[in-house]
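**Q** Could you have a look at this structure, given as structure tokens, before my questions?
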Amino acid sequence: MNRRYFIKLGTFGSLLSIAELTACSTNKHPMLDTEVLVAGGTPGGIMAAIAAARAGVKVTLVEYHHHIGGLSTSGLGKSDIENKDAIAGLFKEFTKRVLNWYVNKYGADSENVRKCREGYYYEPSVAEEVFNDMIAEEPNITLLTGFQIEQAVANSGKVSEVTFRNRETGENQTWKAKAFVDATYEGDLYALAGAAYRLGRESKEDFNEPHAGRIFFDYNDNVFLEGSTGEGDHRIPAYTYRLCLTDDPTNSYIMKEPPKGYRRENYLAYFKDLEEGRLSGPKVFKEGHGYYKAHFDTMVRVFSFAEIPNGKYDVNTNPRPLGFPFPEENFNYVEASWEQREKVFQRHRELALGLLYFIQNDPEVPEDHRKLANQYHLPLDEFSDNEHFPYQLYVREARRLKGVYTLTENDLTLKEGEGRTTIFEDSIIAGEFPIDSFPCSKEPSPDKKVLEGYIGMLPIPAYQLPYRVLIPETLDGVIVPVAASTTHVAYSTLRMEPMWMGVGQAAGTAAALAIASNTELRDVSVDELQKRLLENNQILTYFDDLDPQDKAHKAAQYWGTKGFFDSYKADLHQPISGELANKWLRIFAKTIGSESIATVPNTDQVNKDAFIESLKLLVDTVPPEENWIDDRNPGKPYLMKGEVCNALYAALT
């Protein structure tokens, strides 16, 4: 493959950025200072700002739109998470606040509380209110909305200042910061500063990824179809808008005329989808996934509905029909000017509203289908300053950083004979969502089953995300929690807002640590970062059997990043063998930088006194037993796995 399609080299970019941007620093506009500058009021950016602010540093959060929250406040009201035990931290705080909002408003036993599903489902306006409340509670955060990024300066290989333009006044502001966080969906800040990045799809050969490059994939049976070549290219997954609709007639904004730019020709292919069964229900019905049996085999199935509170729905555009009109409409978006991006926004808005109007009004659509479609309309009480239409385009993938490490599909899948996915010593969060890429092309497979590039909800085990994917290969001064260093296939699981909130939390925590220790972001102590994240309820290592209330909960997650566990079972309450204890002691010694050798007898069970004597060879002070002996195991002479795990974690400090 010709790699020029998707690799942007940082060296040339740096020279270009500095030449263009340094000259602008002499312009007569304000030069402002902050400690951490977060570009992008996405959920990841919000959590980065909050984490840094709570760590005691001054933060400026800058957002393009006049509303913060990205997709989570623009129609994506169903949290994209399959395993609620895998992601916690600030994301879990957000869901708890959403739940409390509904409980306080409607009562604990109300229908709306049931529909919010413990705070994981929410109305866009509620999500925005919760985010705004979280920001407002942090005196260290200054929020700027309605500012577009224009320029970035990197001096001696480090980002030093970034310029934003006020979209209303046209005035520029240039900000200096000790650390920058690029939390934009597009990776705009690091690209302007000259960091290398990927844009498009890698070939199958680049990283030996089975699902890379040009692909036709049967999402029902998870098999490759004819026409798949694995060839890399410039294509990226389709963008859409995530609509919020209501079935409450008293809260409905009804389109009485065709929306701007409406052309029924954009949607005629859906009739063939209806005729040939591509608007039927899924092979596997999963409750809560936006499936309504009344919609199956009707034109309403061009959308997927997930019920949220107050008679509303999170409405995704179904990518499985061949008539899906959005692929290839975003090819001129990522590297475009703001003026051109606005045209792409408008084009996608016209396609989205046009599709809704089409199924509600086109005379060729069966009458009963139109009647069903006319039960749903834009809600009057959402997006009231934008004609009840979402603010944020669903940018599923844009630039991807070329970082110190590149996460690939191989890190997300089990290798033969292994019980866990790749173990990363610098893990900052656990991920869990299936690989899910929207179509990248309007081209159908030869058998007319699917559009090219669509990989629908391909199951994977829980995995670890290393800190290194947030750090540019050579550029200092910036950390990247959203458009991070992965391949296209790996990005198709990373790109979920719950995950991004957790990665943002890690980025903000790291930025604060870098400032406190006067180090570069790439040189932050990973051990200290992991401990800070664990103290703030982040999940670093996922286990099937780990109770959050367990005394060794944090210890198991930490040591899970160092190789203590080779499966998804921690078995913390099972006796530890001498062989396993000696393995853990070797890893512990390496972690603390000790060359001493400490062992216990190679028996089926480990005696507590023998373990303590061995630990004394490695540390000056053994932690008090009450800090690591399980309350359910008092007075017993042998140790459980969780106790040894906890003792070694406590001994780190």
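**Q** Calculated FRET efficiency, Ser567 and Lys531, Cβ-Cβ r, R0 25 Å, to nearest 0.05?
**A** After rounding to 0.05, the efficiency reads 0.55.
**Q** So which GluC sites (Glu not before Pro) in segment 580-638 are both in a DSSP loop and have at most 13 other Cβ atoms within 10 Å of their Cβ?
**A** Glu595
**Q** Determine the per residue accessible area of the chain with all protein chains present and a 1.4 angstrom probe, expressed in square angstrom.
**A** Accessible area per residue, the chain: 39 Å².
**Q** What is the chain's relative contact order, in percent, from Cα pairs under 8 angstrom and six or more apart in sequence?
**A** RCO, the chain: 17 percent.
**Q** Could you give the angle, 0 to 90 degrees to the nearest 10, between helix 89-106's Cα long axis and the longest principal axis of the Cα atoms of the chain?
**A** 60
**Q** Counting each DSSP H run of 4 or more residues in the chain as -39500 (n - 2.57), what helix-only mean residue ellipticity at 222 nm follows after dividing by all residues, to the nearest 500 deg cm²/dmol?
**A** Calculated at 222 nm, the ellipticity per residue is -9000 deg cm²/dmol.
**Q** With a point put 7 Å past each Cα toward its Cβ, work out how far Asn155 is from Glu339 in nm, to one decimal.
**A** So the label points at Asn155 and Glu339 sit 3.2 nm apart.
**Q** Among the aspartates and glutamates, which fall within straight-line cross-link reach of Lys96, defined as a Cα-Cα distance under 12 Å, with same-chain neighbours fewer than 8 residues apart omitted?
**A** By straight Cα distance, Lys96 reaches Glu118.
**Q** Assuming R0 = 22 Å, what is the FRET efficiency of Asp523 and Arg586, from their Cβ-Cβ distance, to the nearest 0.05?
**A** Rounded to the nearest 0.05, the efficiency is 0.25.
**Q** Among DSSP beta bridges whose residues both lie in the chain, state the antiparallel percentage, nearest 5.
**A** 70
**Q** In this model, which of Lys84/Lys115; Lys115/Lys371; Lys84/Lys554; Lys92/Lys158; Lys554/Lys608; Lys105/Lys554 are farther than 23 Å apart at the alpha-carbon?
**A** Lys115/Lys371; Lys92/Lys158; Lys105/Lys554
**Q** Follow-up question, since we're still on this one. Taking all pairs of different Cα atoms in segment 23-146, averaging 1/r and flipping that mean, what Kirkwood radius in angstroms comes out?
**A** Evaluated on segment 23-146, it is 15.6 Å.
**Q** Under a crude label model (7 Å from the Cα following the beta-carbon direction), how far is Glu111 from Glu443 in nanometres?
**A** Distance between the two pseudo-spin positions: 4.9 nm.
**Q** To the nearest 20 Debye, how big is the dipole of the chain about its Cα centre, given +1 on the beta carbon of each Lys and Arg and -1 on that of each Asp and Glu?
**A** 640
**Q** Taking amide hydrogens as modeled 1.01 Å from N in the peptide plane, which residues meet the under 5 Å criterion relative to Val38, leaving out close sequence neighbours?
**A** The list, which skips near neighbours in sequence, is Thr60, Leu61, Val62, Val181.
**Q** Let me ask another. Sketch the reach of a paramagnetic label on Asn633 as a point 7 Å from Cα along Cα-to-Cβ, and name the residues of segment 550-578 whose backbone nitrogen lies under 14 Å away.
**A** 550-553, 555-556, 570-578
**Q** Leaving ligands, DNA and RNA out of it, report the carbon-plus-sulfur percent of the accessible area of the chain at a 1.4 Å probe.
**A** The value for the chain is 47 percent carbon and sulfur by accessible area.
**Q** Take the Cα coordinates of segment 551-652, assign each an equal point scatterer, and use the Debye formula without solvent to give log10 I(q)/I(0) at q = 0.11, 0.18, 0.21 Å⁻¹.
**A** Debye output, listed in q order: -0.27, -0.77, -1.11.
**Q** A follow-up question, please. Length gain on complete extension for the stretch Asn208 to Asn410, per 0.36 nm per residue less the alpha carbon to alpha carbon distance?
**A** Fully extending the segment from Asn208 to Asn410 adds 71.9 nm.
**Q** So how tilted is helix 526-535 from the main axis of the chain? Cα-based, degrees 0 to 90, rounded to 10.
**A** 70
**Q** Taking the simple approach of a point 7 Å from Cα along Cα-to-Cβ for both Leu652 and Ala294, what is their distance in nm?
**A** 5.2
**Q** For the chain, what is the convex hull volume of its Cα atoms per residue in Å³?
**A** Value for the chain: 165 Å³ per residue.
The values are calculated or read from the model by the stated rules, or taken from the named source; none is laboratory data. All figures in this text were calculated on a predicted structure; none of them were measured in a lab. Cβ coordinates were reconstructed from backbone atoms using ideal geometry, including for glycine residues, and neighbour counts include every protein chain displayed. Side chains are part of the model used for accessible areas, which takes the heavy atoms of the whole protein and leaves out ligands, DNA and RNA. Shrake-Rupley method; radii C 1.70, N 1.55, O 1.52, S 1.80 Å.
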